[in-house]
1. So, with a 1.4 angstrom probe, what is the percent of accessible area on chain A that is carbon and sulfur?
2. Using amide H atoms built in the peptide plane, which far-off residues or other-chain residues are under 5 Å from residue A:9 H to H?
3. Amide H of residue B:119 versus every other amide H placed in the peptide plane: which residues, excluding those fewer than 5 positions away on the same chain, fall under 5 Å?
4. Quick check for me: using +1 on Lys/Arg Cβ and -1 on Asp/Glu Cβ, what's the dipole size of segment B:230-273 about its Cα centre, in debye to the nearest 20?
5. Treating the point 7 Å from Cα along Cα-beta-carbon as the label, what are the nm separations from residue A:460 to the other copies, to one decimal?
6. As a test, work out the antiparallel percent of DSSP beta bridges whose residues both lie in chain A, rounded to the nearest 5.
7. When we measure straight from the Cα of residue B:63, which lysines land under 16 angstrom away, once same-chain ones fewer than 8 places off are left out?
8. If you take the accessible area of A alone plus B alone and subtract the pair, what total do you get in square angstrom, rounded to 100, with a 1.4 Å probe?
Protein chains: 2
Amino acid sequence: MTREVDVAILGAGSAGLFALSQVKRETENYVLINGGELGTTCARVGCMPSKVLIQVAEDYHRKGIFERHGIEGAVELSIDVPASMEHVQDLRDMFVDRTLGATDDLDEAHLIEGYAKFVANDTVEVNGEQIKAKSIIIATGSAPIVPAAWQAFADDVITTDQFFELEDLPDSMAVIGMGSIGLEIGQSLHRLGIKVAAVDQLNTIAKLEDNEVNDVAVATIGKEFPLWLGEAATLEKIDTGIQVSAGGNQLVVDKVLASLGRKPNLDNLNLEATDIELGEDGVPLYDPLTMQVGDLPIFIAGDVNMDRPLLHEAGHEGRVAGYNAVRPVVNGPIEKFKRKVALGITFCDPNIATVGKQFSELNESDIAIGEIQFAPVGRALIMGKNRGLLRLYVQKSDGLLLGACMCCVKAENLAHLIAWSIQSGMTVFDMLKMPFYHPVIEEALQAALYNVLSKLDIRQDVVELERV
Amino acid sequence: MTREVDVAILGAGSAGLFALSQVKRETENYVLINGGELGTTCARVGCMPSKVLIQVAEDYHRKGIFERHGIEGAVELSIDVPASMEHVQDLRDMFVDRTLGATDDLDEAHLIEGYAKFVANDTVEVNGEQIKAKSIIIATGSAPIVPAAWQAFADDVITTDQFFELEDLPDSMAVIGMGSIGLEIGQSLHRLGIKVAAVDQLNTIAKLEDNEVNDVAVATIGKEFPLWLGEAATLEKIDTGIQVSAGGNQLVVDKVLASLGRKPNLDNLNLEATDIELGEDGVPLYDPLTMQVGDLPIFIAGDVNMDRPLLHEAGHEGRVAGYNAVRPVVNGPIEKFKRKVALGITFCDPNIATVGKQFSELNESDIAIGEIQFAPVGRALIMGKNRGLLRLYVQKSDGLLLGACMCCVKAENLAHLIAWSIQSGMTVFDMLKMPFYHPVIEEALQAALYNVLSKLDIRQDVVELERV
């Protein structure tokens, strides 16, 4: 028996739920199919619990500034790790509950718990039932990568899927992979008193393309705890634990956190039954402006497409996929929507953030770089966080801001101001006419804007003023 | 003997120094005349030392969250107030030194230390010398107000001019006046363990016009330490100290900090010798777009004009005054420059900020209000700072953002994002198309934008998406 629906959404994670919000505007004849546990990656094992851990670690680490500020007794402070982890889990549970609110009110006809497989371009099978849909949205998310060679240590190697379930933390841990997640968790573990080996085979952290910012980030964060960069890690099980080696470094640890990236959840979808064309990375080829896969009645949104694995991008892609997937219902054409300016934030301390175009997308001869070191930034100095570097990539010919890269305090906030400026099409001259309060971290951005002026092909006479 | 110069600037504070930067572009024939100590109000007794005190107090106060986060030993922490004050003074001295850099390299012909008096529209006298100028800029700043009736307690009443000089703090203090400065210092004193009576004859704090935000601010901040609002304070000298009474409240304190606002430094300028017309408040009438006083060769910039007593506005006004004051040298006309979008921040915790137009400038029937309570904001909850309210004032007819008022965590950063959006002429629809990362405080702004949509006279079909 085949059920016919307008839209079938595979995956009730963030992208799937945002898609659903668009679909529901036009039809009640949809089905949301979810394999595995309900609750989003973001709330269960991603953005949310990691930020709680970071906050706890940051509060504990702050004791290092107490003496400078006249606060006595920092040596008496200690961390009760199980209590900290319980706090992380309490908040995590609350955030998961909130995301479950989106599926709680769906009846059996609309929400199917089970793993869907394609049987044709327009049909999937789940729990023995065939469902034919005018459009199908793939929003099945991703899963952490664990190298096959590490299966031998399976009991001692965990990923973020297990990490936030730990009731206590081991005394020592290796964190393999210094992308955003590994860097955030590695630094937090160190701050909570865990002995950490932080390893990446690359010489960069948080996937930084800007060597100047990477150097500052590695120096600043590496001063706090050792980063083993540039050599792949090898693991060996010995009597006392897992011996982690990379280059000349070696440490025996209790557990290994694999933070080597994520792979798309595509393997069990039986894509072979469809006309989907796969790219070199095994991901369906799709138009990022429509989220449509080829010219099929199939759309793909969220982490599964391996493009921008971020909650707010999953939201954007889910909305676009949902909007276009439901067009047949209203006899409308598929539409193209602009992408948001790229924005990536690693919540380490100092934050690392990238905005807009990065070096691999820029022609270096066309750009001027405005930069500011954070050492003399007044407010950063007051906060005791005056370390870091902010670099702006500016079009030489007209001063248009194209991108930015930074490692500094409050980069998460600066990055929004910069991203919005880029998306609004602002030049550095436009930005210098905006209000910068005093003393605030935004003045570092102002200083970087001033820094670039003399490197541009054009000049303005009174940069900060706008004639009536 | 009369010296002739192109421009005479009265006051080497922030506004005077910004004016100088413009004047120097066109002429070397200027004179900067400064009465009293060199160094800006901002660096000596204003923005900078207050932020250091706030940072110390915030770090110490944070111990209140430690138990929730699994951090043990908070009860062992104590504050060494003289050490804290020494830290405040160390940084203050450094910031003052930086501002002195602007005058250090000026020779006697360019920098005169002394009090100038007008003898004509185009002439001042200082240290017995007459100086005739094509333009004169009044940038003499302001001084704290102390009611005449309090002269009887002169030894026990201080202002911010003396406060940051204290080597230790008294056990108890009254802070009279809950404007920005009083509120910032009062809360910090309380956090450092000083017994504080915080009084204002108004029922508002930080001059809030928005009653909803004021109520939240008073409730949140007043929960931490008692605010005595709505009744004027009376002081009485008794054996054990100064008895402060307001309404039904009474406390005996060691010292009183008067933070009742500031008055312009105009009294000794002998304005009677000029054709300057004064407003009702005794301040010269001037055009805020040119900074010119009447049609005289006189300009006025910075705190002395009693308009926007903020460093970044002193910078703007100084630049405009300097630019226009030096026009005669280049035979150019006086020009009008747009004002920046208004931005006011009180660095209490939670921050209070106002942006753009406030109620007294708005027609309530033309606006819709978008609002968000901070209790459920994810990131704020993680920080343990999920208290507060953000309100956006939006033009009903087209969704144009006109202003905002808020009391919440990181309002200082949100206020920049909002101010830049207003100055760029953005509507709430434009703003909802911008990237909001996750989980960040900027998502509270996003929620407030969503909140206003249903209250507007217009609709968009896919609010977050922009068609190619």
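1. Values: 8430 of 17900 Å².
Roughly 47 percent of what the probe reaches on chain A is carbon or sulfur.
2. A:31, A:32, A:33, A:137
3. Distant-sequence amide H within range of residue B:119: B:124, B:125.
4. The calculation lands at about 120 debye.
5. 2.5
6. Bridges in chain A are about 60 percent antiparallel.
7. Correct list for residue B:63: A:63, B:385.
8. 8100 Å²
The values are calculated or read from the model by the stated rules, or taken from the named source; none is laboratory data. Predicted, not measured: the structure shown is a model, and the values here were computed from it. Here Cβ is always computed from backbone atoms with ideal geometry, including for glycine, and neighbour counts include all displayed protein chains. Ligands, DNA and RNA are excluded from the accessible area calculation, which covers all protein heavy atoms including side chains. Shrake-Rupley method; radii C 1.70, N 1.55, O 1.52, S 1.80 Å.
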